[in-house]
Structure formats: structure tokens, C-alpha cells
Amino acid sequence: MSILVNRNTRVICQGFTGKQGTFHSEAALAYGTKLVGGVTPGRGGQQHLGLPVFDTVRDAVRATGATASMIYVPAAGAADSILEAVDAGIELAVCITEGVPVNDMVRVKAVLAASATRLVGPNCPGVITPEECKIGIMPGFIHKKGSVGIVSRSGTLTYEAVFQTTHIGLGQSTCVGIGGDPVRGMNFIDVLELFERDPRTEGIILVGEIGGSDEEAAARYIRKFVAKPVVAYVAGVTAPAGKRMGHAGAIVAGGKGTAADKYAAFEAAGVRTVKSPAELGTAMNELLHRRRARPGPSAAAPAPAARRPSAAAKAPVRAARLAKRAAAGPKSRAAPARRVPARKAARVPRGPAQGRRR
């Protein structure tokens, strides 16, 4: 089992015939993703990479049964592409596009709130279930099927966490790069909930960044609802206030969103924190070994009381006992001696001088 995608997920690509769409669609096909077609308005009915091209997402879904879409559309049209996927009933949309206007994403978020579609991104590396399905720009060769779920705001640090868990032998159950824009689809809590319910995920690595309050909200959620071990790292410890660090959402403003605040929230929630991304794999390995080494129920525990045999089970034993008595014949029994109570036997007879007291 995995979260969001697996080997049976039928995927389409919006922006299929463009440069980025073509390059990453080829990579997805090589990885084994079940890519079933793509969408480029005005080119419906054509073939690209040996797959059909459709004018609209609705046409693609109707013809292929696709349930997921990866979006490689320029920033100006990315929001409309997401809304088209929502309108067509796509279950998971992964938007890789960087630089989507915040006002456009506010409009998208309002529509998503009333729909069943999950959105990952925009400005994200994507989603991958190792050896099954890859949607996005993640390099597939560093992934290995395993037991660690990874969720991250940073694309580069996602790859670092993946490489370390692969190198140490743990592997990954699913990796989700949620992106670093201030307004986006799925957040840490959405992914943590799925990882907590996933039986294949034994531990979780969370990579956050300065800016916003998503990490603090994730820490509160972990404290209340997550029983699996979690390792967290927050990028941007040395970033000066007011300076954006890579992503539009990675900025400390108004004295809030600092790395120190986020680390304090995680530590208060019992999360194992590391101060260097190089420690993510070893910290998770230590927590999982400790968890797996916990003793199970004691072997010396008393066994439950045996049930009393039923009447049907007793019948053969009783019949055998009666047959044995009949074969032995009648027994002559001497009359038992009369039993004298100890109190009477110890009574001393009274003499003539021991008359009754008058």
C-alpha cells in the first residue's frame, strides 16, 4: 500500500507536447508510470510519445479513465489548468509550475475546498512511490522502495532525505514534495494524516523551511495524532529576517516564522530534530531500530483458562468407566464401623459423688 499514487494510477500530462511536458513525460514512462495520454488544446486527435493527445482534460478522462494529472503549464495558465482538472473529476493534480500568481492560487484554493481533488504544489518536485509511479521532476534512480515516508517544502532537501534513506537501507514508502509557495494545495498535516494511516510507512521525515506557520501546525498535529517516529529538519537557521530564501513562502516577517520557533514547536511535540540535513537518515535509522527492538508480549504470560469439557466429550469416558465396573463384578463390602464422635468418646462417666448440681 502507498499514499496518493501506485503502479495502477492512470496519469495524464497537461502541457503534454511542450518542452518540459515532453521531457518529464518520457522520464515518467521510463520509470514505469502508467501514463495514458496528455492534453494540449488545439492538438486533440494527434499522437505524442506514442500516446493520444486531447484538447481538454474532460476528454482525456473520459477516454482513458485517468485519475491523476501532472501539470507542466506556464505560470500564467497554471491556475486555469488546475481548475480544469478539478472540473473533470481528477483525484490528484500535481502542479510543477513555478511563479504562479498568489491571487490565482487564492481562487484555486476556494474551489478546492468544495471539491474532492487533492492538489500537490504548485512549485513542487512532485510525488513518487518508489518502483511504482513517478509524477514530477524527482530523479527516479535515487529512490528505493522501503518504509520511510518523506514530506518536504524543499525540493533539493527532499532529494537529500531520499538519498540518505536509500543509502542506509531504509528506503521510502512515498515521497511528497508539497512546494514552498505561500498558497498551495496539500500541507504537512494533509500528508502526515495519510502517512499515519499507511501500514507500509514505519517512520516519517519532515523537512520544513522558515516562513509561515505550517511547521508549528504540523507539530501540534503530531503531538495529538501521530504515533509513528518523526524526524524533522528546518532549513534557514541563519537566514536574516526579511530576506526571502529561495521560495516565495520562505521569509521571516513580523518576527514570526523563524527556524528557532519551529524547532521549539517540534521538540515540544516529542519530534526528533536535527540541525543538519546530513543527519536525517541516521536519526531515522536510530528511531526505527529502537522501535523494532521493543519487546512484544511476554512469553511467560499465563495461558487463558481451559474450557470445561462438554457433556458430549464426557460421555465416552463415563461409558468406559461403567464397563470396567461391570467386568469386575459385584464387590462385597463390610458394614462400616459406627463412627463415634470424638466429643462422646472423650466423655468420662460420672461417679456417685458427681451428681447433678441442684
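What per residue convex hull volume, in Å³, do the alpha-carbon atoms of the stretch 91-173 yield?
Taking only Cα atoms, the stretch 91-173 has a hull volume of 90 Å³ per residue.
Along the Cα→Cβ direction, 7 angstrom out, place labels at Glu193 and Asp87. What is the inter-label distance in nm?
It works out to 2.7 nm between the two label points.
Could you sort 96-107, 117-128 so that the peptide with the highest average Cβ count within 10 Å comes first and the rest follow in order?
For the peptides 96-107, 117-128, the packing ranking is 117-128, 96-107.
Suppose the Debye formula is applied to equal point scatterers at every Cα of the stretch 1-151; what is log10 I(q)/I(0) at q = 0.13 Å⁻¹?
-0.52
Determine ³J(HN,Hα), in whole Hz, for all residues of the stretch 258-264 in sequence, where each value follows from phi through the Karplus function 6.51 cos²θ - 1.76 cosθ + 1.60 and θ = phi - 60°; x replaces Gly and Pro.
Ordered by residue, 3J(HN,Hα) equals 6, 5, 4, 5, 5, 4, 4 Hz.
How far is it, in nm, from the label point at Ala110 to the one at Leu29 when both lie 7 Å from their Cα along the line to the Cβ?
4.0
How far is it, in nm, from the label point at Arg58 to the one at Gln20 when both lie 7 Å from their Cα along the line to the Cβ?
2.7
Within the stretch 203-241, list the residues whose amide N lies under 13 Å from a label point set 7 Å along Cα→Cβ of Ala264.
So the set is 216.
Through the Karplus equation 6.51 cos²θ - 1.76 cosθ + 1.60, θ set to phi - 60°, convert the phi angles of the stretch 49-60 into ³J(HN,Hα) values in whole Hz; use x for Gly and Pro.
6, x, 10, x, 10, 10, 7, 9, 5, 4, 4, 5
Where in the stretch 153-168 is the amide nitrogen less than 18 Å from a point lying 7 Å along the Cα-to-Cβ axis of Phe141?
Hits in the stretch 153-168 for Phe141 at 18 Å: 159-168.
Treating each Cα of the stretch 126-195 as an identical point scatterer and ignoring solvent, apply the Debye formula and state log10 I(q)/I(0) at q = 0.17, 0.21, 0.23 Å⁻¹.
Log10 of I(q)/I(0), two decimals: -0.54, -0.83, -0.98.
Antiparallel DSSP bridges in the stretch 17-105: what percent, to the nearest 5?
25
Throughout, read-outs are computed from the coordinates displayed, never taken from laboratory work. These figures come from a predicted structure and were not determined experimentally. Every residue, glycine among them, receives a Cβ derived from its backbone with ideal geometry; neighbour counts consider all protein chains shown.
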